[in-house]
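Chemist: I'd like to ask you about the structure that follows.
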Amino acid sequence: MEPVADRELQAKLYLERHRIMELLRQLTSFLLFARPKKPRECLISLLERLRVAKATHVAFPYFMDNSNIVSMFEMMDTAGRGCISFVQYKEALKNLGLCTADEVLNDDGHVITLDTFRDEVEKMKEEDVLSYQTATEPLLLC
């Protein structure tokens, strides 16, 4: 019988290799943002879009579009100043599944404007898409 530590390490490596936690964070973020009436059906649809995209090599179906990004920014910019703090910015990236709690982001001391927020989210989305597309074992079958 394998020691518990070995099984835990194997599980951790499996989740990292297949980027399961990132996918779950993205799906959860989408559900919390969109709040569909039928969340299970919505999740099935999103996962099917992902499977089809991987099978046909078409564009990766990112679950947040520009209007969602703008809405998220506006929710954080409660005073309507046109900017958010770095702390809010990092929290938004975590909620979108684009960074982890322990990931280090450089805070240059400036506030984050909508344009900066949108550009950074788009850049991170593109990096996320590339990492999914180049994964060695695609999520084609469960």
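The values are calculated or read from the model by the stated rules, or taken from the named source; none is laboratory data. Computed from a predicted structure; not experimentally measured. Cβ: placed from backbone, ideal geometry, glycine included. Neighbour counts: every protein chain shown. SASA here: full protein model, heavy atoms, side chains in, ligands and nucleic acids out. Shrake-Rupley method; radii C 1.70, N 1.55, O 1.52, S 1.80 Å.
Chemist: If you check Asn68 against the conditions, is it modelled with pLDDT under 75 and polar (S, T, N, Q)?
Modeler: no
Chemist: Another question, then. Under 7 Å between Cβ atoms, which residue pairs at least 6 apart in sequence (or on different chains) link something in the stretch 70-83 that is under 19 Å from Ala34 (Cα atoms) with a partner that is open to solvent by less than 30 Å² (accessible area, probe 1.4 Å) and modelled with pLDDT under 90?
Modeler: Listed by first residue and then by second, the contacts come to Met72/Ala92; Met76/Ala92.
Chemist: Taking Glu48 as the residue in question, decide whether it is charged (D, E, K, R) and either outside any helix (DSSP H, G or I) or at pLDDT below 80 (or both).
Modeler: The answer is no for Glu48.
Chemist: Hey, can you tell me all the residues within the stretch 77-116 that are of a type in the set (S, T, N, Q), part of a loop (DSSP other than H, G, I, E, B) and either at pLDDT 85 or above or loosely packed, with under 11 Cβ neighbours inside 10 Å (or both)?
Modeler: Correct list: Thr78, Ser85, Asn106.
Chemist: Which condition number in (1) modelled with pLDDT of 70 or more; (2) surrounded by 13 or more Cβ atoms within 10 Å (Cβ to Cβ) is the one that Pro138 fails?
Modeler: All conditions pass for Pro138, except number (1).
Chemist: In the stretch 21-45, which residue that is open to solvent by less than 80 Å² (accessible area, probe 1.4 Å) and modelled with pLDDT of 85 or more is farthest from Asn95 (Cα to Cα)?
Modeler: Checked the stretch 21-45; the qualifying residue farthest from Asn95 (Cα to Cα) is Ser45.
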